[in-house]
Every structure is written in C-alpha cells, then in structure tokens.
Amino acid sequence: MKKINILQIRTATLILALFSVNMLLHAQTTLYQENCGTPTATTLIQNYTGWQNANVLYTGNGTCDVRTSSASSGYGLASGGGNVMINDTVKWFQISGINTSADTNISLYCGLRKTTAENGSNFVVEVSADSVQWQRIVLEDTLPSGTGTSGWYRVRFPGVISCPNLHIRFSNLSSAEYRIDDIALVVGEETVL
C-alpha cells in the first residue's frame with residue numbers, strides 16, 4: 001500500500017479549493033425561462049395557451065405565431081417542440097411581467113434560427129420598464145452568414161434592465177425568417193452542462 005504524503009494532500013486540497021472558487025465565479029441565476037411548449041398546430045401568439053410560464057403575459061401582432069416546424073436543435077439547451085416565427089417587419093412578439101428589480105448584469109439568451117444570408121443584425125430585441133419607452137439590446141456576437149450557415153444558434157443579448165415589470169419585445173427589420181425558442185433571462189454567464 002502506497003503512503004500519501006502531506007504534499008499530495010495539500011495539492012489535492014488546493015485543486016479542490018480552486019475548482020470551488022471557479023464554480024462560484026461562473027455561477028448563474030436564471031430569472032426566467034420559456035421553451036414555447038409544443039403546439040398541436042401553428043397557432044397565433046394571442047391564441048396560444050401552451051406557454052411554459054403562466055405568470056407572465058405573451059402578446060404578438062399580425063400573424064406572428066408558435067409552430068413546431070424547424071424545431072430548435074444544435075445547441076445545449078435546445079428543447080425542440082414549439083418556436084416563435086418572426087418573418088417580416090410588421091410582426092412582433094412580446095413577453096411582459098417579469099420582475100428583474102433585485103438583479104443586475106442580466107442577459108437575455110435564446111435559441112435563434114436564421115437564414116443563410118442573415119448575420120443576426122436584423123433581429124431586434126428591446127426591453128422596457130413601461131411598454132412605452134423601449135431600449136434596444138444588441139446581439140453580443142454577429143452570426144456567420146453565407147452558404148451552409150442557416151440554422152439554430154444559442155445567442156446572448158446583454159444589457160437587460162432591472163425593473164419590477166420587464167417587457168421584452170422581439171421584432172425583425174427585414175423579411176428574412178427568424179425563429180426563437182428557449183428564451184432565458186440569466187444573471188451572469190449562462191452555463192450549459
């Protein structure tokens with residue numbers, strides 16, 4: 001039987017302590033999540049009742065809808081099932097009634113499906129404390145564009161405001177097809193295990 005010396009014990013203790021500190025530094029708090037459920041048919045936002053969260057308000061205009069075609073995939077938190085399609089400049093989707101007042105350093109994460117030519121810059125996310133004055137939050141990194149880049153990506157929009165009644169609005173500056181799923185408000189960096 002091999003003896004373990006004091007140096008090995010100290011080294012192991014130090015490694016464990018550093019690992020614990022690293023986990024604390026990269027901890028996240030998820031304030032809100034929405035996986036868009038799984039509609040039985042393509043359904044207008046205003047008629048859909050399959051949302052994951054019943055304690056917030058979901059609204060949309062025009063023919064903005066929840067559907068199951070082109071289900072989310074390809075990123076760690078992809079739920080599949082339903083997704084919201086926003087494919088022209090008159091459609092928008094809004095989530096209202098999330099309390100973020102106790103937190104700072106909040107980012108919105110979501111699965112975003114885009115077409116080949118798009119880099120994500122035409123997809124608009126805005127936040128508001130009163131649903132009157134809106135502040136655009138910008139996609140952290142532009143997405144690749146060109147042949148073979150159409151598909152789902154997990155994206156981050158930092159700069160979500162702290163307020164007792166947060167409103168989030170998604171819209172499109174083009175006629176390109178965007179879809180969203182697996183929406184989350186996270187304090188700090190999202191960790192996918």
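The values are calculated or read from the model by the stated rules, or taken from the named source; none is laboratory data. Keep in mind that this is a model prediction, so the values were computed, not measured. Cβ: placed from backbone, ideal geometry, glycine included. Neighbour counts: every protein chain shown. To get the accessible areas, we keep the full protein, side chains included, count just its heavy atoms, and leave off ligands, DNA and RNA. Shrake-Rupley method; radii C 1.70, N 1.55, O 1.52, S 1.80 Å.
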**OP:** Note down the relative contact order for the chain as a percent, whole number, built from C-alpha pairs under 8 angstrom at least six residues apart.
**Re:** 29
**OP:** Determine the per residue accessible area of the stretch 83-193 with all protein chains present and a 1.4 angstrom probe, expressed in square angstrom.
**Re:** 41
Subject >> Percent of Cα-Cα distances greater than 13 Å, calculated over the stretch 98-148 >> reply: 67
Subject >> Portion, in percent, of the accessible area of the chain that falls on carbon or sulfur, probe 1.4 Å >> reply: 55
Original post:
If you stretched the chain out fully between Ser174 and Thr116, how much longer would it get, using 0.36 nm times the residue separation minus the C-alpha to C-alpha distance?
Top reply: 19.5 nm
**OP:** Determine one quarter of the surface area of the Cα convex hull of the chain, which equals its mean projected area, and express it in nm² to one decimal.
**Re:** 15.2
**OP:** Per DSSP H run of n ≥ 4, the term is -39500 (n - 2.57); total these for the chain, divide by its residue number, and report the mean residue ellipticity at 222 nm rounded to 500 deg cm²/dmol.
**Re:** -3500 deg cm²/dmol
Original post:
Is the stretch 90-193 rounded, prolate or oblate when judged by the Cα gyration tensor, a ≥ b ≥ c being the square roots of its eigenvalues, rounded requiring a/c under 1.5 and prolate requiring a/b larger than b/c?
Top reply: oblate
Subject >> Span from the the stretch 27-56 Cα centroid across to the the stretch 60-81 one, whole angstrom >> reply: 10
Original post:
Any idea how far apart Ser96 and Thr149 come out in nm if each label point goes 7 Å out from Cα toward Cβ?
Top reply: 3.6
Original post:
So what is log10(I(q)/I(0)) for the stretch 38-90 at q = 0.13 1/Å, when the Debye sum runs over its Cα atoms only?
Top reply: -0.33
Subject >> Normalised convex hull volume, the stretch 23-122, alpha-carbon set, Å³ per residue >> reply: 143
Subject >> Near-label residues of the stretch 77-108 by backbone N, under 18 Å of a point 7 Å along Cα→Cβ of Gln46 >> reply: 85-96
Original post:
If you line up the Cα atoms of the stretch 132-190 on their principal axes, what length do they span on each, largest first, in Å?
Top reply: 43, 27, 18
**OP:** Using packing as a proxy for protection, rank 40-46, 120-126 so that the peptide with the highest average count of other Cβ atoms within 10 Å comes first.
**Re:** 120-126, 40-46
Original post:
For the Cα atoms of the chain, what angle does the longest principal axis make with the long axis of helix 6-25, in degrees from 0 to 90, nearest 10?
Top reply: 20
